[in-house]
Amino acid sequence: MDVPARVSRRAAAAAATMLLRTARVPRECWFLPTALLCAYGFFANLRPSEPFLTPYLLGPDKNLTQREVFNEIYPVWTYSYLVLLFPVFLATDYLRYKPVILLQGFSLIVTWFMLLYAQGLLAIQFLEFFYGIATAAEIAYYSYIYSVVDLGMYQKVTSYCRSATLVGFTVGSVLGQILVSVAGWLLFSLNVISLTCVSVAFAVAWFLPMPQKSLFFHHIPASCHRVNGIKEPKADRLRVLKVLWNDFLICYSSRPLLCWSVWWALSTCGYFQVVNYAQGLWEEVMPSQSAVIYNGGVEAVSTLLGASAVFAVGYIKISWSTWGEIMLFLCSLLIAAAVYTMDTVRNIWVCYASYVIFRIIYMVLITIATFQIATNLSMERYALVFGVNTFIALALQTLLTLIVVDAKGLGLGITTQFLIYATYFAAISVFFLASGAFSVIKKCRKQEEPSSSPPQAATP
């Protein structure tokens, strides 16, 4: 469980567009489903206990050890998310969105109910599995709205739904920080509020209209729309897989797209690890049992500043085709420096500040990568690329978790883990330094070739 759910939202939102072009209702009917989905997104993310999960598990309520939490419990989320991602993706299209949204809401209720009352290592590991279901099912939230509104409303409803999740998470983080620091509430009480909010979200989801069609399994060709008496063609599962495979080959034949995708997968893997275990590092630097912690405030600040930086990206003027890889090198190096600072400087405020910088840089770069990939691809294909990139990131994260974190692997301590993550990002920066230098030199040589060629004779 924990922070990766937030980062996985970006992946879910990207893969969700793969499920577009479904049945749509008239433009004037967009308000009700959009309002209901926004309400669901707001309450599903209004979880004031989430920034304080690690202190809660280590505290008297659960009385787990650091090794159990970091090396035996948290890895379960990574494994579950990886295994469930593709099946849930297909189920979302086959079941037409709403049932998967209800599954997500139910999984969130089970997760927080177990957080309140489950005891013991095995029970908390099952909790992480249910949270993996909820995380994988987020694709249904981001894809549902496109099935019930007109194409002309996509931009507007997308901004509403994504803003709802952002506001919900920010309000929850700020509320949790205030209740802990000012009101002196126990962390158990924060989980009660979180359980109440996800229960409200689950209740709201029942009122969502049920879509009639989807992209693959319940798709009707455009020529068949609005023709009486024509039945929906039977879903051809083999055809679906063939379409996905052909699009995959076409997309990754482009070197620029491949370059941005490689960075996406590699950096997202490291990002997941850092945000997943950041609370553990903070706990190591300043134990929550002996001092006031500000995890909720830090999460809220990093989210808002990151969103502001992402907004500013739209005004950056740069030739990404020429300097994109060099920028990836520089920013990956800054990320490595931020993670290294978090790990080596034993001051909680320096840790907090480094974490904020880390998240801002990543959010900016992933936005640029999203734009660069999406610019030259159709809606369905760039959704496929995003989904594949995220799956590769999760596969790499699973391997990294199994080797570095899991008790069955090396089971390293939290500070050693973060040193490895800093080294990991440094290696990414070196890779893109070499790749970027090669690209710049190659492009400069191409620009020199026309001027060095002899002039052609005039045509008589």
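Does the range 26-155 classify as rounded, prolate or oblate by the C-alpha gyration tensor (a ≥ b ≥ c root eigenvalues; a/c under 1.5 gives rounded; else a/b over b/c gives prolate, otherwise oblate)? Taking the square roots of the gyration eigenvalues as a ≥ b ≥ c, the range 26-155 is prolate. Stretching residue 318 away from residue 159 to a fully extended chain increases their span by 54.7 nm, per 0.36 nm per residue minus the current alpha-carbon distance. Applying 0.36 nm per residue to the separation of residue 407 and residue 245 and subtracting their alpha-carbon distance, the gain on full extension is 54.7 nm.
The apolar share of the surface of the range 88-168, taken as the fraction of accessible area on carbon and sulfur atoms (1.4 Å probe, ligands and nucleic acids excluded), comes to 71 percent. Around the Cα centre of the range 31-157, unit charges on the Cβ atoms of Lys, Arg, Asp and Glu (plus for the first two, minus for the last two) sum to a dipole of about 200 debye.
Give me the accessible area per residue for the range 59-154, probe 1.4 Å, as a whole number in Å². Provide the component values of the computation, followed by the final result.
On the way: 3230 Å² over 96 residues.
Result: 34 Å² per residue.
Computing FRET efficiency as 1/(1 + (r/R0)^6) for residue 65 and residue 196, where r is the C-beta to C-beta distance and R0 is 30 Å, gives about 0.50. Modelled spin-label separation between residue 344 and residue 86, with each label point placed 7 Å from Cα along the Cα-to-Cβ direction: 4.1 nm.
The values are calculated or read from the model by the stated rules, or taken from the named source; none is laboratory data. Model, not experiment: these values are computed from the prediction. A quick note on method: Cβ atoms are made from the backbone with ideal geometry, for glycine too, and the neighbour counts reach across all protein chains shown. Just so you know, the surface numbers come from the protein's heavy atoms only, side chains and all, with ligands and any DNA or RNA stripped out. Shrake-Rupley method; radii C 1.70, N 1.55, O 1.52, S 1.80 Å.
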